[in-house]
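To start, the structure itself, in structure tokens.
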Amino acid sequence: MSYYQVKNFEEYFKHYNKSIREPRKFWDKIADENFTWYQQWDKVLEFDMQEADFKWFSGAKVNIVKNCIDRHLAKRGNKTAIIFEPNNPDEEAQHITYTQLYERVSKMANVLREQGIKKGDRVCIYLPMIPELAVVVLACARIGAIHSVVFAGFSASAVAARIIDCGCKMVITSDGGYRGNKTIDLKGIVDEALKTCPTVEKVLVAKRTNADIKMQEGRDQWLQPLLDEAVANNVAEIMDAEDPLFILYTSGSTGKPKGMLHTTAGYMVYTAYTFKNIFAYEENDVYWCTADIGWITGHSYILYGPLLNGATTVIFEGIPSYPDFGRFWEVIDKHKVTQFYTAPTAIRSLAKEDWKWVDKHDLTSLKVIGSVGEPINEEAWHWYNDHVGKKKSPIVDTWWQTETGGIMISPLPFVTPTKPTYATLPLPGIQPVLMDELRNEIEGNQVVGSLCIKFPWPGMARTIWGDHQRFKETYFSAYPGKYFTGDGALRDEVGYYRITGRVDDVVIVSGHNLGTAPIEDAINEHPSVAESAIVGFPHDVKGNALYGFIILKEAGAWRNQDNLVKEINEHISSHIGPIAKLDKIQFVSGLPKTRSGKIMRRILRKIAEGDFSNFGDTSTLLNPEIVEEIKNGKV
Ligand code: WT7
């Protein structure tokens, strides 16, 4: 494979400039040299930014899973593809070779076909972080079924909403999952969700916890007996470059989650290329990303990116604090991990504990360490650099989104000098720009603005499932001709980017992207609640936490407000998931609103942060007096 090109900083600039002068040529060469295609493309790229219409490598025929597995078999058949590290450290880790992965994915693909799944069908995957999750995802892609992985922390109604939105025919789940010292009843949640999902015909159930679960006659089947019957080879579906690969839901600033659709060839080229370069991956490295496969990080950088490179990738079932705060470091030592990729929220929570948890483990195998999901604050960056990277392994602070498919702005290790809290420079082929309020591009350095991308890249999402209009409006209309990220950023004196955070109504809590609107919708369904407004406020460990301002239908009717707070949080938990619970709730008699009825969240954000200075002009408010009341009642 030949796409690792940049050797030093000077070369980066040359390479970068060339890549954006001739982007088609740049991607054409990468696609040509690093993959196996049934048929080459006619055109590298056709696009229309206004219509949000993008076609990469059209005319090409390919199967991404053949590129992830089959083509490695001759040279890497006995190499470990997946290391499975169970939740319980006393349970033995599993090493799955490329040959074994081929056999397991083939069997699974055959089972799916036998169960009536065809190219283009949607399959919902609701599984814990066990090898079956990887196998099922890859089996779907092998036969051209569109996988929709739903993070196994979402509640029944969130699962149902995602199944209904894209009309899944099948759900694949397990009898349960382990997380630290808890077990989670995944099958029970699926049963509850399916009460409202008429499109689901079949449920396949993997065994993990041996929990006593109910199987619905005619709908539910245990997976293992079906696999036992299946043959261990399978002819992959020949896919068009732009055939859908998967849907992954992400929160939006209005109610319904957005089903981001990624397609086959562009996503393959982009995740493979970025993985290789950003993690400076070399043969025989052991790479570990701690994300869950239920998020885009897991799709792109636990499964597709590493496997496309023939790498060894770790799948970890557990959590950083179980059985103790040394678990991450113990696993690095145990499997001699060379690249470690995690989230700032995990770093902050571990940095609160004694260093001895890190220092008692041997981390000398590490070469590159990464961060993803939210801005990493200076203190956490230094702790990570000092204690984990030992000031030797560069930190790659990688900025990207579910929508971008892969990493967009990041240092290249051993090439780009790092700078705490900076994602630094765009990857070759990526053209970020900062925009001002008048929608002009801001030139020069030492500037701040809204982050946009002004030229397509192969990994970008192609649409929102079933709602192309929303895709256009959300991403391509605020700054015509450009992709709007929803993030604000600054560019320093040398041109390095630092992402400052969301500029829309999305709050990132412990690395989870949460729209405030769906949480408000859930709260407003509580019988005692009239109206609510949710904002984020800074939190030491989570990065941001949620603060709810809530108007009750009958003020004072609730004598025991503690109970109500609990009830509201339970309500959120069951509608969205425990990650969306509010840290603080303040009952108010009104919310600051503009004359057109829009809630002035800017003011609520300042109050939640405890910053009572300079609310700006409040005279345009419909009810300026409410600000004083809310200020005095801050919790
Ligand atoms: C949002 C996307 C990308 C995979 C995980 C999250 C924030 C992500 C960084 C970073 C600062 C970051 C942005 C972005 N974000 N990485 N390195 N520095 N902020 O995917 O759930 O789609 O969230 O996460 O705000 O827009 P996601």
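The values are calculated or read from the model by the stated rules, or taken from the named source; none is laboratory data. The model shown is predicted, which means the values in this text are computed figures rather than measured ones. Every residue, glycine as well, gets a Cβ built from its backbone with ideal geometry; the counts of neighbours run over all protein chains shown. Accessible surface is based on the protein model in full, side chains and every heavy atom, while ligands, DNA and RNA are left aside. Shrake-Rupley method; radii C 1.70, N 1.55, O 1.52, S 1.80 Å.
Could you tell me which residue of the range 26-59 is surrounded by the most Cβ atoms within 10 Å (Cβ to Cβ), considering only residues that are assigned to a helix (DSSP H, G or I) and without any contact (Cβ under 8 Å) to a residue 12 or more places away in the chain?
Ranking the candidates gives K29 first.
Does R327 qualify as being within 16 Å of the ligand (Cβ to nearest atom) and touching a residue at least 60 places away in the same chain (Cβ under 8 Å)?
Judged against the criteria, R327 is not a match.
Among the residues of the range 398-407, which ones are touching a strand residue (DSSP E or B) at 6+ places or on another chain (Cβ under 6 Å) and either near the ligand (Cβ under 8 Å from one of its atoms) or more than 17 Å from F476 (Cα to Cα) (or both)?
T398, W399, T402, E403, I407
Pick from the range 595-633 the residues that are of a type in the set (V, I, T) and farther than 22 Å from V529 by Cβ: which of them is surrounded by the most Cβ atoms within 10 Å (Cβ to Cβ)?
Of everything passing the filter in the range 595-633, T618 is surrounded by the most Cβ atoms within 10 Å (Cβ to Cβ).
Could you pull out every one of the helices (runs of 4 or more DSSP H) wholly within the range 296-374 that has 2 or more residues that are modelled with pLDDT under 95?
Correct list: 344-351, 356-359.
Across the range 564-592, which residue is nearest to the chain's Cα centre (by Cα) among those that are free of Cβ contacts under 8 Å to residues at least 40 places away in the same chain and surrounded by fewer than 17 Cβ atoms within 10 Å (Cβ to Cβ)?
For the range 564-592, the residue satisfying everything is E570.
Which pairs have Cβ atoms under 7 Å, sit 6 or more apart or on different chains, and link a residue in the range 226-240 that is closer than 15 Å to A60 by Cα to one that is part of a loop (DSSP other than H, G, I, E, B) and open to solvent by less than 60 Å² (accessible area, probe 1.4 Å)?
E237/N63; E237/G144; I238/N63; M239/N63; M239/G144
Could you check how many residues of the range 475-502 are more than 9 Å from the ligand (Cβ to nearest atom) and open to solvent by 50 Å² or more (accessible area, probe 1.4 Å)?
4
If the Cβ limit is 8 Å and pairs must be 6+ apart or interchain, which residue in the range 416-439 that is open to solvent by 20 Å² or more (accessible area, probe 1.4 Å) pairs with which residue that is basic (K, R)?
Going by the 8 Å Cβ cut-off, the qualifying pairs are Y422/R498; Q431/K454.
Six or more apart or on different chains, Cβ atoms under 6 Å: show the pairs whose first residue is in the range 474-496 and farther than 17 Å from L427 by Cα and whose second is more than 16 Å from the ligand (Cβ to nearest atom) and open to solvent by less than 10 Å² (accessible area, probe 1.4 Å).
Hits for this filter: F476/A52.
Mind checking whether some residue in the range 527-550 is farther than 23 Å from E374 by Cα and out of contact with any strand residue (DSSP E or B) (no Cβ under 9 Å at 6 or more places or on another chain)?
Checked the range 527-550: at least one residue is farther than 23 Å from E374 by Cα and out of contact with any strand residue (DSSP E or B) (no Cβ under 9 Å at 6 or more places or on another chain).
Restricting to the range 406-457, what's the tally of residues that are in contact with a Cys (Cβ under 6 Å, 6 or more places away or on another chain) and under 28 Å from D386 (Cα atoms)?
Total meeting the criteria: 0.
If you take the residues in the range 521-536 that are open to solvent by 20 Å² or more (accessible area, probe 1.4 Å) and part of a helix (DSSP H, G or I), which one is nearest to the ligand (Cβ to nearest atom)?
Across the range 521-536, the extreme among qualifying residues is D521.
What number of residues in the range 94-141 are assigned to a loop (DSSP other than H, G, I, E, B) and open to solvent by 20 Å² or more (accessible area, probe 1.4 Å)?
So the answer is 6.
Of all residues in the range 382-393 being in a helix (DSSP H, G or I) and not charged (D, E, K, R), which is surrounded by the most Cβ atoms within 10 Å (Cβ to Cβ)?
Filtering the range 382-393 for residues that are in a helix (DSSP H, G or I) and not charged (D, E, K, R), the one surrounded by the most Cβ atoms within 10 Å (Cβ to Cβ) comes out as Y384.
Report yes if P428 is within 19 Å of L451 (Cα to Cα), assigned to a loop (DSSP other than H, G, I, E, B) and more than 10 Å from the ligand (Cβ to nearest atom), otherwise no.
yes
Quick one: E379 ticks every box in (1) in a helix (DSSP H, G or I); (2) more than 16 Å from the ligand (Cβ to nearest atom); (3) surrounded by fewer than 22 Cβ atoms within 10 Å (Cβ to Cβ) except a single one, so which number is it?
(2)
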